[in-house]
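Presented below is the structure to which this report refers.
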Amino acid sequence: MRPFSRLAQKPGRCYISGMSQTAAPIAPPKTEKTEKTEPRELRDRGYVVICWNDPVNLMVYVTHVFQVVFGWPKARAERHMMQVHQAGKSLLARETFEKAEHYVHQLQGYGLHATMEREE
Amino acid sequence: MKFIPSQDLGAAAFVFQISKQEVEWLLGVLRFYPQLGSGYHRITQGAAEEIKAEQQLLEEAMAQRRREHKSKLEKFLAAPGRFRLEGPNQFRFTLTPEQMEWLLQVLDDVRVGCWVKLGRPELEPAPPKKLTAEQARALSALELSGFFQMVLLGACDGPEPG
């Protein structure tokens, strides 16, 4: 991830370290906990959502996306963003298949390199 | 371009002041949209077959999202008085929080798509120096989309709108 654009460093421009506090999180699909669906729920547990580092998405943008998609406070979003930046990836969520897929779609819609993997 | 905090608007909105030159840059960047193809997206890096089977669904979802954003963008830009003249060489325009979110995604598509077009180079400490005319345009769009993203995100971090 890039810290910021060189153009944005021009003196007199306004910028940023921050994130939206206003956007509501994008709700994942609910999995009903009924007797009928529970076996599927149990079978599906154990998928992780991972965000991978890239040199193009701005750090402040990645933090913003984590806040919007997961509804996290800024501090938690920044912590995961820094993990992506420094360690190359961050495990963002451990979910059922459907919810993990939902998050990957949301994150990729924002242009982030996010995948879902089966937890070993 | 800069964010103008406003207490006057009843509905939540972000107001920006933008110069004529910046309007031209913004419109130029938005003309690049969309840049990313569906093939860019990968649902998994692992071997789990049940996940791989969802690759096509992801590609279709991303293609659908781009069609929707393209439609919203065209309506947004076609709206009369989108950029309202405020003074010599200065304009104002307004974004709702919902417009802010899809515009950020549109700008990021241009940024990431241009980066892919450039061969996914490392951008720090410096991008490639020898460029064709097409690559130079892609690099300009990449940098400008990042600039506009930073201004929009700065507004998100500013005072609550409305």
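Can you go through B:GLU101, B:GLU143 and tell me which one is farther than 15 Å from A:HIS64 by Cα and out of contact with any strand residue (DSSP E or B) (no Cβ under 8 Å at 6 or more places or on another chain)? Please lay out each step first, then the result.
On the way: B:GLU101 fails: farther than 15 Å from A:HIS64 by Cα.
Going through B:GLU101, B:GLU143 in turn, just one is farther than 15 Å from A:HIS64 by Cα and out of contact with any strand residue (DSSP E or B) (no Cβ under 8 Å at 6 or more places or on another chain): B:GLU143.
Condition (residue is closer than 13 Å to B:THR94 by Cα and of a type outside the set (Val, Ile, Thr)) applied to segment B:16-26: is it met by at least one residue?
Taking every residue of segment B:16-26 in turn, at least one turns out to be closer than 13 Å to B:THR94 by Cα and of a type outside the set (Val, Ile, Thr).
For (1) closer than 19 Å to B:LEU104 by Cβ; (2) not polar (S, T, N, Q), each residue gets a yes or a no:
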position	(1), (2)
A:LYS74	yes, yes
A:ARG79	no, yes
A:GLN108	yes, no
A:GLY111	yes, yes
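Give segment A:55-109 a look and list any residue that's touching a Lys or Arg at 6+ places or on another chain (Cβ under 8 Å), within 24 Å of B:ARG120 (Cα to Cα) and of a type in the set (A, V, I, L, M), or say none.
Passing the criteria: A:VAL56, A:LEU58, A:MET59.
Which count do you get for residues in segment A:66-103 that are within 18 Å of A:THR115 (Cα to Cα) and assigned to a loop (DSSP other than H, G, I, E, B)?
Residues meeting the conditions: 2.
Across segment B:21-53, what is the total count of residues that are over 17 Å from the mean Cα position of the chain (by Cα) and surrounded by fewer than 13 Cβ atoms within 10 Å (Cβ to Cβ)?
6
What are the pairs, 6+ residues apart or on separate chains, where a residue within segment B:139-159 that is closer than 17 Å to A:MET1 by Cβ has its Cβ under 9 Å from a residue that is polar (S, T, N, Q) and part of a helix (DSSP H, G or I)?
Filtered contacts from segment B:139-159: B:LEU153/A:THR63.
Which residue is farthest from the other protein chains (Cβ to nearest Cβ), if the candidates are limited to segment B:98-113 and must be crowded, with 23+ Cβ neighbours inside 10 Å and among the acidic types (Asp, Glu)?
B:ASP109
Evaluate the following for B:SER19: is it more than 11 Å from chain A (Cβ to nearest Cβ), more than 20 Å from B:PHE76 (Cα to Cα) and hydroxyl-bearing (Ser, Thr, Tyr)?
Taking the combined requirement at face value, the residue does not satisfy it.
Which residues, counting only those in segment B:47-84, are in contact with a strand residue (DSSP E or B) (Cβ under 7 Å, 6 or more places away or on another chain) and more than 25 Å from B:VAL23 (Cβ to Cβ)?
B:ALA48, B:ILE51
Go through segment A:94-120 and count every residue that is surrounded by fewer than 19 Cβ atoms within 10 Å (Cβ to Cβ) and within 16 Å of B:GLY46 (Cβ to Cβ). Break it down into steps so the answer makes sense when it comes.
Of all residues in segment A:94-120, those surrounded by fewer than 19 Cβ atoms within 10 Å (Cβ to Cβ) come to A:94, A:98, A:118-120.
Going one step further and asking which of them are within 16 Å of B:GLY46 (Cβ to Cβ), we end up with A:94, A:118-120.
Residues meeting the conditions: 4.
Exactly one condition in (1) under 19 Å from B:TYR33 (Cα atoms); (2) in contact (Cβ under 8 Å) with a residue 60 or more places away in the chain; (3) away from chain A (no Cβ under 14 Å) is false for B:VAL116; which is it?
Only one criterion in (1) under 19 Å from B:TYR33 (Cα atoms); (2) in contact (Cβ under 8 Å) with a residue 60 or more places away in the chain; (3) away from chain A (no Cβ under 14 Å) is unmet by B:VAL116, namely (3).
For residues that are more than 14 Å from B:ASP109 (Cβ to Cβ) and either of a type in the set (D, E, K, R) or part of a helix (DSSP H, G or I) (or both), tally how many sit in segment A:104-120.
Total meeting the criteria: 7.
Could you count how many residues in segment A:69-90 are hydrophobic (A, V, I, L, M, F, W, C), surrounded by fewer than 23 Cβ atoms within 10 Å (Cβ to Cβ) and within 13 Å of another protein chain (Cβ to nearest Cβ)?
Final tally of qualifying residues: 1.
Assuming B:SER6 fulfils every condition listed in (1) touching a strand residue (DSSP E or B) at 6+ places or on another chain (Cβ under 7 Å); (2) polar (S, T, N, Q); (3) modelled with pLDDT of 95 or more apart from one, which condition is it?
For B:SER6, the exception is condition (3).
Out of the strands (runs of 3 or more DSSP E) lying entirely within segment B:1-104, which hold 2 or more residues that are of a type outside the set (Ser, Thr, Tyr) and without any contact (Cβ under 8 Å) to a residue 24 or more places away in the chain?
B:84-87
Do we find that A:GLY71 is touching an Asp or Glu at 6+ places or on another chain (Cβ under 7 Å) and on the phi > 0 side of the Ramachandran plot in this structure?
No: the conditions fail for A:GLY71.
Do we have B:PHE93 as at pLDDT 95 or above and among the aromatic types (Phe, Trp, Tyr) here?
No, not satisfied.
The values are calculated or read from the model by the stated rules, or taken from the named source; none is laboratory data. In this text the structure is predicted, and so the values were computed from the model without any measurement. Note that each Cβ is placed from the backbone with ideal geometry, even for glycine, and that neighbours are counted across all protein chains shown.
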